[in-house]
Amino acid sequence: MNANQDAAPKEVGDLLLEQGKLTEQQLEQVRRRQRRLGLPQHRAIVDLNFASEEDTWRALAAANHTDFTDPVALDLKRETLELVPIKFIFHYHLLPLGIEDDCLTLAFSEPPSQMEQGNLRLLLSKRFRIVLATPSSIHAVIKKNFGLGAETIQKLREDRGGAEISEEIVFDVQGKETDSALEATVSAFVDQILQEALRLHATDIHLEPYTNSIRLRYRVDGILEPVPVPADMRHLHLAVVSRLKIMAGLNIAEKRLPHDGRIAMKTGNEEYDLRVSIVPTKYGEAVCLRILGRQSLYLDLGQLGMEPNQEAVLAQLTTLPQGMVLLTGPTGSGKTTTLYAALAQANDEGRKIITFEDPIEYQLEGVVQIQVRDQIGLTFATGLRSVLRHDPDVVLVGEIRDFETAEIAVRAAQTGHLVFSTLHTNDSVGAVTRLLEMRIEPYLISSSLVCSISQRLARRICRHCAEEDLAITASARKEMAAALSLPAEQVRAWKGRGCVECNQKGHRGRVAIYEFFLLNEAISDLIHPGLSTGELREAARKLGWRSLREMAWSKVQKGLIPISEQERWTRTVDPAALAVKS
C-alpha cells in the first residue's frame with residue numbers, strides 16, 4: 001500500500017487552502033462555525049462568504065472523487081429532464097444530464113448517501129453515475145424549466161388521480177378534514193414563495209392575478225425580476241391569498257377592500273417581519289409582501305458603505321447634544337437602515353432614545369418606539385409634542401411631511417434634543433430649500449440643521465465574475481478623471497460578466513452612495529426666503545461639498561459598481577434635448 005492511500009482524505013477547506021482560496025485564519029473560523037452549528041464544511045465556507053459557491057463545490061467534488069459540472073451551461077432540453085420523474089428531481093434535488101449505455105448521469109447538489117443511492121437504483125431501475133453541481137445552478141435549471149411551484153401542482157394532480165386542474169381551487173379554513181391535504185399543499189407553496197425570496201435576498205414579493213395567469217415577481221437589488229410559475233398556478237390564486245390572509249390575521253371573507261397586515265416568520269436562526277398589502281383588482285386580489293430582516297438592526301456604521309471620512313462625520317453627529325440631521329432620498333434608498341445604524345451608535349445607558357414611526361419597521365433593543373396612528377389622531381405632529389415631554393435625549397421622527405411636524409422638530413433640535421428624520425428631496429442641499437418652502441423661518445433652520453445626507457442604493461458588481469470594463473467612453477473617462485482628480489489614464493471601471501453566483505445578472509447585493517451637506521456659519525448666513533438650490537450648491541462646493549454623482553464615480557473606480565449603475569442613479573436630462581430643431 002502506498003503513502004497516498006495511507007494519507008487521510010483531504011477536506012474541502014484543505015483543498016481551498018492549497019488553491020489559495022482560503023487563508024489559515026478563515027479555515028479556522030470555518031471549523032469553529034462547523035462545530036458550533038453542526039454544518040458540513042462546504043456549507044460553512046459559503047455561509048461565511050469566504051469562497052465562491054462554484055469554487056467550494058469543485059473542491060467538494062474533488063474531495064469525493066467525482067466530477068463537477070455546471071448544468072446551466074449545458075442548456076438541458078425538457079426531454080432530458082423527463083428521464084427522471086419530477087417528484088424525484090424535487091425530493092433529491094438532482095438533475096438528469098443524459099443517458100449512455102443505459103447508464104444515467106445525475107447531477108446532485110450534495111453527495112448522496114449510500115442509502116439514497118440504493119433507493120434511487122430501485123426507483124429508477126437503472127444504473128447511474130454521480131456528478132456534483134452547485135445548488136444555485138440546479139435550482140436555476142429547475143426554476144427555468146418547471147417554474148416555482150411545479151412540485152405543488154404535481155402533488156395536487158396526484159391527489160386528484162392525475163387529472164388536470166381546470167377550475168379555481170379554494171380551501172375551507174374552518175378546519176374540515178376534507179380540506180387538510182389541500183391546505184397543506186397550498187401552505188407548502190406559500191412557504192416555497194417565501195423561501196425563494198429569502199434565497200434571492202429579495203426585499204419585496206409581488207403576486208398579481210390576470211385573466212389566465214398569475215405573475216410572481218421579486219424585487220432583488222431594487223429591480224423587479226419575474227419568476228416563472230406553472231400555468232395551472234392561476235387556479236390556486238384564491239387559496240394562496242386566503243393562506244396569506246390567515247397568516248397575517250386578516251379577514252378572508254372581505255375581497256372588495258384593501259388589507260394591510262403583518263406576518264412574523266423565522267428561518268434557521270434568522271427572524272423576519274413581512275408587511276402584507278392586499279388590494280382588489282379586476283381579476284382578484286393582488287398581494288405585495290415587504291420583507292424586513294431583523295438582522296439588519298445590527299448593522300454598524302462600518303457596514304453601510306460610506307467613505308471613511310463620511311463614516312467619521314456620522315459617528316460624530318450621533319454624539320452631538322442637540323441639532324437636527326436629515327436623510328433624503330427616494331423610497332427604497334436605504335434611509336431607514338442608515339437611521340437605525342446611527343441610532344444603534346447613539347444608543348447607550350446615559351441617553352434616552354424615542355422613535356416615532358409609520359410604520360415601525362424594526363424592533364430596537366433599549367429604544368422606545370411609537371407607532372403613528374392617523375385614524376385616532378396620533379399624527380407625527382401630535383405624537384412628537386408628547387414625545388418631547390417624555391425627557392428624550394435623541395428623537396427619531398420617521399418623516400417630516402408638513403409645516404407643523406417640521407416646526408416642532410426644528411424647535412426640539414434647538415432645545416437640547418438630537419433629532420433624526422427623513423425628508424423627500426432630490427439631494428442633500430435641497431433639504432434647506434424644502435424647509436423654506438414649508439415656511440420654516442430661516443433663523444430656525446440656521447440654528448437647528450446640522451447636516452443633511454442624501455443617499456441611493458446601487459447594485460454592487462458580483463465579485464465572482466467582475467472584470468475590467470474596457471469600453472469606457474471618452475466623455476465618461478474625462479468626467480470621472482475630473483471628479484476624482486486623477487489623470488485620465490488612471491481611470492478604471494469594472495462590470496460583472498454574469499455567473500451562477502449572481503444568477504447571470506452581473507450584480508449581487510447593493511452598496512449605498514452618500515452625499516453629505518454639513519452646515520457651518522458661512523452656509524447658515526446665506527439662508528433666506530427665496531434662496532435657490534443653485535446658490536446654496538455653489539457656496540457648498542467652495543467649502544468641499546461633493547455631489548452624489550462625484551461620490552458615485554469613486555465607487556466605480558474602486559470596482560464596487562458599474563458605470564451603468566452610476567448613470568442610473570445620478571444622470572440628469574438636459575432640457576436642451578427637448579428643443580425643436582428646424
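The values are calculated or read from the model by the stated rules, or taken from the named source; none is laboratory data. Model, not experiment: these values are computed from the prediction. Cβ atoms come from the backbone with ideal geometry, glycine included; neighbour counts cover every protein chain shown. SASA here: full protein model, heavy atoms, side chains in, ligands and nucleic acids out. Shrake-Rupley method; radii C 1.70, N 1.55, O 1.52, S 1.80 Å.
Return the residues of the stretch 199-213 that are open to solvent by 20 Å² or more (accessible area, probe 1.4 Å) and either more than 15 Å from Cys288 (Cβ to Cβ) or not hydroxyl-bearing (Ser, Thr, Tyr) (or both); say none if nothing qualifies. Once the filter is applied, which keeps residues that are open to solvent by 20 Å² or more (accessible area, probe 1.4 Å) and either more than 15 Å from Cys288 (Cβ to Cβ) or not hydroxyl-bearing (Ser, Thr, Tyr) (or both), the stretch 199-213 yields Arg199, Leu200, His201, His206, Glu208, Tyr210, Thr211, Asn212, Ser213. The condition (being basic (Lys, Arg), closer than 21 Å to Phe517 by Cβ and in contact with a Gly (Cβ under 8 Å, 6 or more places away or on another chain)) is satisfied by just one residue among Arg460, Arg456: Arg456. Within the stretch 101-116, can one find any residue that is modelled with pLDDT under 90, open to solvent by 70 Å² or more (accessible area, probe 1.4 Å) and polar (S, T, N, Q)? Checking the stretch 101-116: not a single residue is modelled with pLDDT under 90, open to solvent by 70 Å² or more (accessible area, probe 1.4 Å) and polar (S, T, N, Q). Of the residues making up the stretch 251-262, those that are out of contact with any Pro (no Cβ under 7 Å at 6 or more places or on another chain), surrounded by 12 or more Cβ atoms within 10 Å (Cβ to Cβ) and either over 18 Å from Leu364 (Cα atoms) or at pLDDT 90 or above (or both) are Ile252, Glu254, His259, Asp260, Gly261. Across the stretch 387-419, the number of residues qualifying as open to solvent by 30 Å² or more (accessible area, probe 1.4 Å) and within 33 Å of the chain's Cα centre (by Cα) comes to 4.
Is it true that some residue in the stretch 433-446 is among the aliphatic types (A, V, I, L, M), under 34 Å from the mean Cα position of the chain (by Cα) and more than 30 Å from Lys21 (Cα to Cα)? Yes, the stretch 433-446 has at least one match. Does Lys266 fit the bill of being free of Cβ contacts under 8 Å to residues at least 40 places away in the same chain and not in a strand (DSSP E or B)? The answer is no for Lys266. Scanning the stretch 420-436 for residues that are in a helix (DSSP H, G or I) and crowded, with 22+ Cβ neighbours inside 10 Å yields Ala431, Val432, Leu435. Taken as a whole, the structure leaves Glu565 outside the set of residues that are in a helix (DSSP H, G or I), surrounded by fewer than 21 Cβ atoms within 10 Å (Cβ to Cβ), at negative phi and modelled with pLDDT of 90 or more. Counted as qualifying within the stretch 469-551 are no helices (runs of 4 or more DSSP H), as none has 1 or more residues that are under 30 Å from Thr69 (Cα atoms), open to solvent by 70 Å² or more (accessible area, probe 1.4 Å) and in contact (Cβ under 8 Å) with a residue 24 or more places away in the chain.
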